[in-house]
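Contents: one structure, followed by commentary.
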Protein chains: 2
Amino acid sequence: MPIQAVVFDAYGTLYDTQSVAAITEEVFPGHGDLITQVWRIKQLEYSWLRSLMGRYEDFAQLTRDALAYTIRTLGLSADPATFDRIVRRYDQLGLYSDVRPSLHKLRDRKLAILSNGSPAMLNALVKHSTLTDVFAATISVDAAKVFKPHPEAYRLIETMLGVAPPEVLFVSSNPWDACGAKAFGLNVAWIERVSPQAMAEACARSDLVSPLTMFKAIRTQMDELGFAPDYRIGALSELPGIVSRA
Amino acid sequence: MPIQAVVFDAYGTLYDTQSVAAITEEVFPGHGDLITQVWRIKQLEYSWLRSLMGRYEDFAQLTRDALAYTIRTLGLSADPATFDRIVRRYDQLGLYSDVRPSLHKLRDRKLAILSNGSPAMLNALVKHSTLTDVFAATISVDAAKVFKPHPEAYRLIETMLGVAPPEVLFVSSNPWDACGAKAFGLNVAWIERVSPQAMAEACARSDLVSPLTMFKAIRTQMDELGFAPDYRIGALSELPGIVSRA
């Protein structure tokens, strides 16, 4: 069935969550990398845990909660103004280099974002990256009050765009997100940002690892969740070919 | 209200999941610690993700899936017999040293386990540690087909033991589990196995960290999930005093 809409995950797929490392290192010299990784891990954990507990709070709140956990765990502290300055960087994440040209070549389809981010976070992010005119919709799971990979989060694509799952290509670099979208019934392209070989090499000296290596070891390789993406791609530039052939 | 039943989480609370490090290091010299940490992190992630996806599989399957992910990610491989030998160690985890004497002093209450573990895993574990006669019930979330911290998992305590939530003290070292139990309405004692000071010291040299330090940084400190345990304890030996005063 032809692909009518291409829908992108935001964090880690279009926008590089590693962009916050500059400010975490500036504020906490020597701890920037560890803070960035623990922050991102806890942010996702809190989205899953609160969804399971039936205690939804929006992603802006979880992002603050996860940063508070991280700073406390490392035995550090931040005054409210500094804390806010770090959190605000999440609204200014950098785009991966292949995003803009790839989106341009896909403009004959409906393009959208489906993200855990709160509406305010996503609007700020899209505006900051000057992509406002590119997307037909920026869909936040906030409308379903549950986070991905719950099926109700993916159902928002049809609700908001009016395109049925078999006509949607969902694109994510997050393995759990790719599996969740596939379980729901979307066509899925997974961006493999860290090759298995690079991953194995980074883990070869494993008595001590960088926090980034540990992060990659738990978040970048395809998960064992019983579902496989339809396409494994190395870069967003492969999408126009996939869409035109589908 | 008096405490009629004391219900324990199993993994990380009564049983030390670090016990598997001996076999992972034996089979994969130099990688044992990293494998142990990634394995445990993914095992929990898969329990939350599959619960959210509505794609429950029991904890024995998730434990195998998480180990398969871990071995693949590190660029290693294991033949089926070796793989089984590693997984079987999960049925033979060591007890924390304060478990047996503390349980003995609590024998005037109903004692039980509520765990993510499958019935077969839990039965093997309790038998191996010769605690079969101590527990009135070994409750697996498998009866609810959803993992903690979903409320239906905690509801099994009343279903299986016939004791209402206000008369239960739930004990866990897992911060997310303590929060989930509190959100459900149980009395909760959280075992703080790593003090904030020890945690901060371990993170102080943070350009390179041991995999165990990274694990601790994301799994041992109280979470920011909007709920706080009723009791923070340093050891299970504090429980008899809490129960008699409650």
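Scanning for something of a type in the set (A, V, I, L, M) and within 20 Å of A:Thr82 (Cβ to Cβ), does the stretch A:35-54 turn up at least one residue? Among the residues of the stretch A:35-54, at least one is of a type in the set (A, V, I, L, M) and within 20 Å of A:Thr82 (Cβ to Cβ), which makes the answer yes.
When residues in the stretch A:206-217 are screened for being buried (at least 16 other Cβ atoms within 10 Å of the Cβ), more than 7 Å from chain B (Cβ to nearest Cβ) and in contact (Cβ under 8 Å) with a residue 40 or more places away in the chain, 1 of them pass.
Could you say whether any residue in the stretch A:17-26 is touching a Phe, Trp or Tyr at 6+ places or on another chain (Cβ under 6 Å) and either modelled with pLDDT under 95 or assigned by TED's automatic domain parsing to the domain that holds A:Thr132 (or both)?
Within the stretch A:17-26, the first condition is being touching a Phe, Trp or Tyr at 6+ places or on another chain (Cβ under 6 Å), and the residues that meet it are A:17.
Then keep just the ones that are either modelled with pLDDT under 95 or assigned by TED's automatic domain parsing to the domain that holds A:Thr132 (or both); that gives A:17.
Yes, the stretch A:17-26 has at least one match.
Being assigned to a loop (DSSP other than H, G, I, E, B) and under 22 Å from the mean Cα position of the chain (by Cα) is the filter here, so list the residues in the stretch B:99-111 that pass it. Across the stretch B:99-111, the qualifying residues are B:Leu106, B:Arg107, B:Arg109.
Which of the residues spanning the stretch A:63-107 are without any contact (Cβ under 8 Å) to a residue 12 or more places away in the chain and among the polar types (S, T, N, Q)? Answer for the stretch A:63-107, where residues must be without any contact (Cβ under 8 Å) to a residue 12 or more places away in the chain and among the polar types (S, T, N, Q): A:Ser77, A:Ser97. Among the candidates A:Ser237, A:Ser195, A:Ser140, the residue that is at pLDDT 95 or above, closer than 20 Å to A:Arg100 by Cα and among the small types (Gly, Ala, Ser) is uniquely A:Ser237.
Out of A:Leu225, A:Leu208, which single residue is under 18 Å from B:Trp48 (Cα atoms) and more than 15 Å from the chain's Cα centre (by Cα)? Don't jump to the end; show me each part of the working.
Values: A:Leu208 fails: under 18 Å from B:Trp48 (Cα atoms).
None of the others qualify; the one that does is A:Leu225.
Tell me whether the stretch A:182-205 contains one or more residues that are within 17 Å of A:Leu44 (Cα to Cα), within 14 Å of chain B (Cβ to nearest Cβ), open to solvent by less than 20 Å² (accessible area, probe 1.4 Å) and hydrophobic (A, V, I, L, M, F, W, C).
no
The residues of the stretch A:112-130 that are of a type in the set (A, V, I, L, M, F, W, C) and surrounded by 20 or more Cβ atoms within 10 Å (Cβ to Cβ), listed by number, are A:Ala112, A:Ile113, A:Leu114, A:Met121, A:Leu122, A:Leu125, A:Val126.
Counting the residues of the stretch B:64-98 that are among the charged types (D, E, K, R) and in a strand (DSSP E or B) gives 0.
Do the conditions hold for B:Ser129, that is, is it within 18 Å of B:Leu106 (Cβ to Cβ), within 18 Å of the chain's Cα centre (by Cα), at pLDDT 95 or above and outside the structural domain of B:Arg50 (by TED's automatic domain parsing)? Talk me through it step by step, then tell me what you get.
Values: within 18 Å of B:Leu106 (Cβ to Cβ): yes; within 18 Å of the chain's Cα centre (by Cα): yes; at pLDDT 95 or above: yes; outside the structural domain of B:Arg50 (by TED's automatic domain parsing): yes.
Yes: the conditions hold for B:Ser129.
Within the stretch B:9-43, being under 12 Å from the mean Cα position of the chain (by Cα) and more than 9 Å from every other protein chain (Cβ to nearest Cβ) holds for B:Asp9, B:Ala10, B:Tyr11, B:Gly12, B:Thr13, B:Leu14, B:Tyr15, B:Asp16, B:Thr17, B:Gln18, B:Arg40, B:Gln43.
The values are calculated or read from the model by the stated rules, or taken from the named source; none is laboratory data. Model, not experiment: these values are computed from the prediction. So basically every Cβ, Gly included, is an ideal-geometry build from the backbone, and we count neighbours across all protein chains shown. SASA here: full protein model, heavy atoms, side chains in, ligands and nucleic acids out. Shrake-Rupley method; radii C 1.70, N 1.55, O 1.52, S 1.80 Å.
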